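All remarks here apply to the structure that follows.
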Amino acid sequence: MVAVDLEKLNQAYADDWATVGPSGKLYRKEGLLDDFKSGEYKLVWFELGPMKVQAFGNVAVVEASVKEKTIVDGKDISRQVAFLDLFEKRAGKWVIVRTLGARVVLVAGLAQFGQ
């Protein structure tokens, strides 16, 4: 994502990948790739937190968090996000089929999920 390698992103995300965006609307792979291609969404850097992976046959769940510096429409929206990715092994390759995420807001030294 930092390198804007659209081919790798296209391979990592299933064609039917989806998530719910901050507006509450469904966000699909085509929109993700278009945002990176246009430069509207730019991931400047990121740092992954601890990650937990559980596999169940051809399905796996990844729970983690990420701190990231992100520019959207020219505005810095740097944030910390807790997320869950659902992977499925298709044609011998693991691809992301769903993502759920929530922004982490620090309040008086405590992490809380929020906007």
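Just so it is clear, none of the values below were taken in a lab; they were calculated from the coordinates. Not measured: the values here are computed from a predicted model. We place every Cβ from the backbone using ideal geometry, glycine too, and count neighbours over all the protein chains shown.
Taking only pairs that are 8 or more places apart or on different chains, how many Lys pairs in the stretch 1-101 have Cα atoms under 15 angstrom apart?
Pairs that pass both the separation and distance tests number 7.
Treating only the Cβ atoms of Lys and Arg (+1) and Asp and Glu (-1) as charged, compute the dipole magnitude of the stretch 6-114 about its Cα centre; round to the nearest 20 debye.
For this selection, approximately 160 debye.
For residue 106 and residue 46, calculate 0.36 nm times their separation in residues minus their Cα-Cα distance, and state this gained length in nm to one decimal.
19.8 nm
Using only the Cα atoms of the chain, what do you get for the radius of gyration and for Dmax, in Å?
My reading of the Cα-based Rg and Dmax gives 14.6, 47 Å.
For the chain, modelled as a Gaussian network with Cα springs under 10 Å, which listed residue fluctuates most, 36, 83, 56?
Result for the chain, Cα springs under 10 Å: 56 fluctuates most.
For residue 17, what residues show an amide H to amide H distance below 5 Å, using hydrogens built from the backbone and excluding near sequence neighbours?
29
Which parts of the stretch 55-79 would a label at residue 86 reach, counting a residue when its backbone N lies under 18 Å from a point 7 Å out along Cα-to-Cβ?
55-64
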